[in-house]
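The values are calculated or read from the model by the stated rules, or taken from the named source; none is laboratory data. Computed from a prediction, not measured in an experiment: that's the story for all the values here. Backbone-built Cβ (ideal geometry, glycine too); neighbour counts: all protein chains shown. Surface accessibility is based on the protein's heavy atoms, side chains included, excluding ligands, DNA and RNA. Shrake-Rupley method; radii C 1.70, N 1.55, O 1.52, S 1.80 Å.
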Amino acid sequence: MRVISTKTHGAIDYLTGAGMLAAPSLLGISDELAAARTLRAAGLAATAYSLLTDYEFGLVRVIPMPIHLAMDAASGVLLAASPWLVGFAGRGPRYRLPHAFVGASEVLAALTSKTY
């Protein structure tokens, strides 16, 4: 069921991107470079492709919304799995839960956002 408007999704995109960029410092996980870099890279990528998306908050509207949502879902799955893929899951829940939570949230937003 697609209930999130593209305008709301755009606002969520930029808040999430900024949150991922700031999260390592705010959560005190900057000492684990892999965890910090993964979140920051995902935040930077999400912000970059949001700027290129054809929706209300897009700056250069070249990426269709369905493609954007597919990118969100793929990014979310990779972010949620990143503690195990990159190898920092053993550092404990403080390091892996932010990635899993934000990743799952991205997938949920992608599945529930409108494409028009």
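Residue count for the range 62-75, restricted to those that are surrounded by 13 or more Cβ atoms within 10 Å (Cβ to Cβ) and outside any helix (DSSP H, G or I): 2. Summed over the range 25-44, the residues that are of a type outside the set (A, V, I, L, M) and under 15 Å from LEU85 (Cα atoms) give a count of 3.
Rundown of residues vs (1) touching a residue at least 60 places away in the same chain (Cβ under 8 Å); (2) among the acidic types (Asp, Glu); (3) open to solvent by 60 Å² or more (accessible area, probe 1.4 Å); (4) not in a strand (DSSP E or B), yes/no style:
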site	(1), (2), (3), (4)
HIS9	yes, no, no, yes
GLY19	yes, no, no, yes
LEU26	no, no, yes, yes
ALA35	yes, no, no, yes
ALA45	no, no, no, yes
VAL60	no, no, yes, yes
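Comparison of THR53, THR8 shows that the only residue that is closer than 15 Å to SER105 by Cα and of a type outside the set (A, V, I, L, M, F, W, C) is THR8.
A single entry from LEU108, LEU78, LEU85, LEU97 fulfils the requirement of being under 18 Å from ILE4 (Cβ atoms), out of contact with any strand residue (DSSP E or B) (no Cβ under 6 Å at 6 or more places or on another chain), open to solvent by 80 Å² or more (accessible area, probe 1.4 Å) and assigned to a helix (DSSP H, G or I): LEU108.
Yes/no matrix, rows are residues, columns are (1) closer than 24 Å to THR8 by Cβ; (2) not aliphatic (A, V, I, L, M):
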site: LEU33; (1), (2): no, no
site: ALA42; (1), (2): yes, no
site: ILE63; (1), (2): yes, no
site: HIS68; (1), (2): yes, yes
site: LEU79; (1), (2): yes, no
